[in-house]
1. Using the alpha carbon gyration tensor of the chain, what are the three equivalent-ellipsoid semi-axes (square root of 5 times each eigenvalue), largest first, in whole Å?
2. At 222 nm, what helix-only mean residue ellipticity would the chain give, in deg cm²/dmol to the nearest 500, using -39500 (n - 2.57) for each DSSP H run of four or more?
3. With the chain treated as a Gaussian network of Cα nodes joined by springs under 10 Å, which of Gly90, Gly212, Gly180 yields the largest mean-square fluctuation?
4. Which residue, chosen from Tyr260, Tyr242, Ala106, occupies the Cα position most advanced towards the positive end of the dipole of the chain, where the dipole is computed from +1 (Lys, Arg) and -1 (Asp, Glu) charges on Cβ about the Cα centre?
Amino acid sequence: MSRDAVLDTRRVRMRSASSALGWGLSALAFVVLAFALLDIMRLVFVRGISALDVQLFLTPTSGIAGGLLNAIEGSVLITFGALLLAVPVGVLAGVYVSEFSREAFARVVRFVADVLVGVPSIVFGLFGYLTLVAGLDWHFSLAAGCITLSMMIAPYILRTTELALRGVPTELREAGYALGASQANLVLRVLLRECASRVLTGILLATAISMGETAPLIYTVNWSNYYWSGHLTHEPVAYLTYVIWSFINEPFASAHALAYAAALLITLFVLALTLLARLSLNRLTVHRSA
């Protein structure tokens, strides 16, 4: 065997060994992360289910006891309000950045979105407090929390929408233009329909982020033991993540039960949203194929 052949054989063996080592380390990291995730889920489900009670869904909190109906109501209102503001802005901005990527302003928008994605959530909370709660004198309120959360999740929707549109095959764009479609019709009737699942995935990610945030809401919404009375400003609102963050530190079993029940409800709500979205997407795909 020649010297070059020996060297090639050694290189192949070294590459195989390094590849096997890399795959082994990746598998080990996956197992460790999966074990940690499953352990957290087990803890949440076991203690959360044991804490579930009919009164949780019928009564509001009373100090560190009572139910969670006011917190459930507040979480739904805050999440819905944030999505109502963030989804149109994020999707439209994602379309603009994708379709006009060569323009200077589009590059600026993309850069700002990338920066905002990396900003800690507590900074958004501080900004919301200084501008909305104190600056506009709205006090702790639903409007301040929704606007702050929408500013935080809109960049995620923008970037996922942009990436989804960039993943559409070029042939579809060319076919649309060849048929005489305008750019607006092409985006609405072809591109967004083609990548609807990926855009919806970004919206679901934004929903999960908004439901799991606590720091921005502490600065802008605070907490209330009462139901929402319909005022957008000058009225604090209850939400589930505050129960988890605050009640788990209390030295009382009733507070711990509410914290684990709130964690379970958030987990189940996000899981239900994901399953419903997947079912809807499957039906949409079957309908389009037919």
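Every number here is computed from the coordinates shown, using simple stated rules; none is lab data. Keep in mind that what you see is a predicted model, and the values were worked out from it rather than measured. Here Cβ is always computed from backbone atoms with ideal geometry, including for glycine, and neighbour counts include all displayed protein chains.
1. So the three semi-axes of the chain are 40, 30, 20 Å.
2. -23500 deg cm²/dmol
3. Greatest mean-square fluctuation among the candidates belongs to Gly180.
4. Positive-end residue among those listed: Ala106.
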